[in-house]
1. Please work out the C-alpha center-to-center distance from segment A:159-200 to segment B:222-258 and express it in whole Å.
2. In terms of modelled amide H atoms, which long-range or inter-chain residues lie less than 5 Å from the amide H of C:V46?
3. Under the rule of at least 5 residues apart or a separate chain, name every residue whose amide H is placed under 5 Å from the amide H of C:S160.
4. Which number do you get for Rg(Cα) / (2.2 N^0.38 Å) in the protein assembly as shown?
5. Show which aspartates and glutamates lie in cross-link reach of B:K33 when reach means a straight Cα distance below 19 angstrom and same-chain residues fewer than eight apart are skipped.
6. So which of C:K15/C:K96; A:K52/A:K142; A:K52/A:K80; A:K13/A:K80; A:K52/B:K6; A:K279/C:K96 end up more than 30 Å apart, counting from Cα to Cα?
7. What is the spin-label model distance, in nm, from C:D323 to A:N156 if the labels are put 7 Å beyond Cα along the C-beta direction?
8. Rounded, prolate or oblate: which fits segment B:100-201, taking a ≥ b ≥ c as square roots of the Cα gyration tensor eigenvalues, rounded meaning a/c under 1.5, else prolate when a/b beats b/c?
Amino acid sequence: MTPVPPEPILEVKNLSVGFTAQGRAVAAVKDVSFKLHQGETLAIVGESGCGKSTTGLAIMGLIDRGPGTSASGEINLVRKNGARCDILAMDDRSLRNVRGNDVAMIFQEHMSALNPVHSIGTQIVEALRQHRDIDARAARDKARALLAELGIANTNQCLESYSHQLSGGMRQRVMIAIALSGDPRILIADEPTTALDVTIQAQIIELLQHIQQRSRMSMIFITHNLGVVAEIAQRAIVMYAGEVTETLPVPMLFGHARMPYTRALLRSLPRLDRKGGTKLAAIPGAPPNLGSPLGGCAFHPRCAYALQGWCDAEHPLLDTVANGHVVRCHRWRELEAVA
Amino acid sequence: MRLSRKSIGSLIVLSACAVALLAPVLAPDDPTKSSVFFLHGPSRLHLLGTDELGRDILSRVIYGTRTSLAIGVGASLVAVILGAPVGLAAGYLGGRIDIVAVQMIDLFIALPGLVLALIITVMVGPSLQNLVLVLGFVMWPVVARLVRGQTFAVREHAYIEAAVAAGGSSFWIIRRHVWPNIFRIVAAQFAITVSFAIITSASLSFLGLGIPPPVPDWGSMVRSGFDMLAINPALSLAPGSAIAALVLGFYLLGSSSQ
Amino acid sequence: MISEPPLLEVSGLRKWYDVRGGVIPRVRGHVRAVDGVSFAVRPREVLGIAGESGSGKSTVGRCVLRLIEPSSGEIRFAGRDITRLNRRELRLFRRKAQMIFQDPYGSLDPKMTIADIVAEPLDVQGMVRRGPERRERVLQLLDTVALGPEYADRRAHELSGGQRQRVGIARALSVGPELLVADEPVSALDVSIQAQIVNLLEELKQRLGLAMLFISHDIAVMNHLADRIATFYLGRVMEIAPTRQLIDNPRHPYTEALLSAVPHPGLERRKRIVLTGDVPNPADPPSGCVFRTRCRYALAACAAVRPPLRQIGDEHYTACIRDDIFASQTAPKAVAMAGLL
């Protein structure tokens, strides 16, 4: 593994994002902090409603600051030219410069992210010309080169096609091409392979790894799939109910996780290497309703180790387990003995 | 109170219904009673004046609400009774039924409603029943088209497939699943159809093809008051305003519910 | 179990869709959604159908229940060819075979109460009259899927995804079927809920003696539920084998690729086979073996003739003409992770 340079290129500090939904205040993201270094892939793992997508959008400066929406904290970015800025403090005009050039994002909904009435070529060229000072012809050549690099065989045909003519895997590659057109330092991928077939997913993951190796790009990979995390990330942040519940290196994730939610999640996954017919260790209950938060630890209603009077009353803070490993649980030390 | 389109529309429609129901109480005079006091201007006895036969204009406007509502709602019911089954069958069963239905719908929609109503009314003669039937007949394709489109949308849901898997017949599924899920939209369209029926029937009356006298009918009142606007503008303005208000009321109610 | 006659027998099932086009509309070709598929399911057995998009797996499930009419082929349920049933017989057949749908949000009518949703098959089939008996049956069914009686009068939008899926299962069970076709029943659910539903299905299979056709793209889930697995590609069966056999000892290149593409938490970074390209156009499939265009072991002979599904072991069938690819390989065994968690 490459030694990680000390200075992070992105630092998220105490990020909190809230919305009002149906008259109630919902804390979608609560006090989230993490760092990202160059060339590193960080996975944000969690289920629906845990706040991982909102975190990704916040880093892109895509949180709509309308009435009822609040965002606080800092998102400190070191840009390509060395300048530092705080995404949350910037206005939309300055952010437009950042987006695509320094930070880019690809989404799960590749169907709607591409404009159906413009050809693929038009869209890639448009993206390229937004970020670089080149003419139409050079942009077209660059677009072709990008597509070839992303493993698309018939680049000319692809450039002239429209989004509905392409398969899911192709569309995702096109989206990646558009995202990379500005040569960003950080790529945020929000569930990019969830809607794809597993063999296509394997292709896309390999592609992203190849791009990373070539350009030392950093990636924030948002997913609910722990298996994909194992393939692609060096560090992982597990989120639950809007909070970070555990941050740890990926090799630790699969044997030395400390937070009961993380461990329960791993145990409940169906696995190819397990003997069939055995009962899965399912987590009882359902993910929490963010509009009506409970006291104490957000996971306690579903936790096998929850202690009444403690876990349901006092909200746990982040504890350091080891270097690079933090956990939000009252009982993690005791539970260490209970493997 | 929020003055939304829906609340304004509801207010107008509910007031009109109240007026129609309470007409005998609200109207100062018998609307068909003629007198020698013809073409009088507004006075204490006759708040809006009298018409060319000495009848009280206000009473005629009040009682005219009944006529308008009867035609409007009646014709719309006919349109729904004719159009909804066609739309449901075409939308759910598809195939040849749908092809035939679409041809018919397209044909009728292409014809201008007022002209068609006019021609048929001339042929069959104007009367309350005929007017209701003719207008209903003119409007059924619009209802059918809407119902068909909505049925297409609902048909794609998995719960429809589940009902098929349970062994449900097409009739069962349409009755139990399709209709309840499209009802709200059809009801909204119903209100709009009522407004269309009222204005069209008023137009027909204005052209002399409305309900024959002495039944008080707003369109005819506008027509007969037309020549005498200089003497008493209320002759036309009162019924005219009533038409506008009621049409607007139903339209607001319908379009805001969609 | 081996000697029992099959509950469901599918032979040569085909579903081709016409492709129309041109100024004068005429049939220009066919999309071969299901292209000659044969398999069997025994009583109380779960057969998993694994495949990706375009594999035809959902279409097969629907053909088996006659929610889609097959173009040709035979489907025998308890010995009778169900493609030839009349309306009345078809309705009776629906008591024996039911479906669980993928979308927990679209598969429940938003205007109905949960009780009505669960009881609908009973109502349609005329198996119970409205009244206390019906109510009792509904509560019983809800209890089977671990939902309390308080849910009976609620509406779908008040329930979570996992709860809705339970309602769907209760509905399918209401008429007492022998076969359940489950079309991606857990794919739309959160990861932590999936395990709950998988466990429920497993328990129901044991308790009620249900046979199941479990359709999914997720082979890991199938490992837990299925007794045998069939892998599908472009409308055809590539391989059928008992679950453990298929996973540990695949004998078809597509199965091998499919297994290796599944991201495994905790496994050593194994050599992964990444397929190149996309799935071919189902309206214009490759000649011979449809997988040959992406197969790393393809030979010239693979293009000549469509390979038959041939038996290569105990209950193990493959549609690959080559015997030499896997013979000497031992399948990559997973590092024993059970102890570490």
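1. 59
2. C:M212, C:D227, C:R228
3. Under 5 Å from the amide H of C:S160: no residue qualifies.
4. 1.15
5. Leaving aside aspartates and glutamates fewer than 8 places away in the same chain, those within reach of B:K33 are B:D51, B:E52, B:D56, B:D217.
6. A:K52/A:K142; A:K52/B:K6
7. With each label placed 7 Å out from Cα toward Cβ, I get 4.8 nm.
8. Because a/c hits 1.5 or more and a/b exceeds b/c, segment B:100-201 counts as prolate.
Here, each number is a calculation from the coordinates, and none is a lab measurement. All values reported here derive from a predicted model rather than from experimental measurement. Every residue, glycine as well, gets a Cβ built from its backbone with ideal geometry; the counts of neighbours run over all protein chains shown.
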